[in-house]
1. Multiplying the sequence separation of residue 84 and residue 17 by 0.36 nm and subtracting their Cα-Cα distance, what value in nm do you get?
2. For the chain, just the Cα atoms, rotate onto the principal axes and tell me the three extents in Å, largest first.
3. What number, in percent, do you get for the relative contact order of the range 1-72 if the mean sequence gap of Cα pairs under 8 Å and at least 6 apart is divided by its residue count?
4. What is the order of 92, 9, 84, 21, fewest Cβ neighbours within 10 Å to most?
């Protein structure tokens, strides 16, 4: 059994092990439910082409929330131009339960 996996969700890739807690882009699943990812790019020393056949990552949804605020500040020098915007991304917190080969 592999000790880590790299999987893809929301256009990003995550390296996980059993018991890890990660934040990913919002997935429409209720808290407490299990979710299974099948786009596994790497499983231990096995590299997929593009995905590893038959591999799965099982995770439990811990909570749905919004991430910390990110401030975006634009400025053009000598033009008296300044703009500040804030952004809070919706995220899903996952606890990795099992990596299946």
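Laboratory data are not the source of any read-out in this text; all were calculated from the coordinates shown. Since this is a predicted model, take the numbers as computed values, not measurements. With ideal geometry, Cβ positions are generated from the backbone for all residues, glycine too; neighbour counts draw on all protein chains shown.
1. Between residue 84 and residue 17, full extension yields an extra 20.3 nm.
2. Taking the Cα atoms of the chain, the three principal extents are 60, 31, 19 Å.
3. 32 percent
4. Values: 92 22, 9 18, 84 9, 21 12.
Starting with the residue having the fewest Cβ neighbours, the order is 84, 21, 9, 92.
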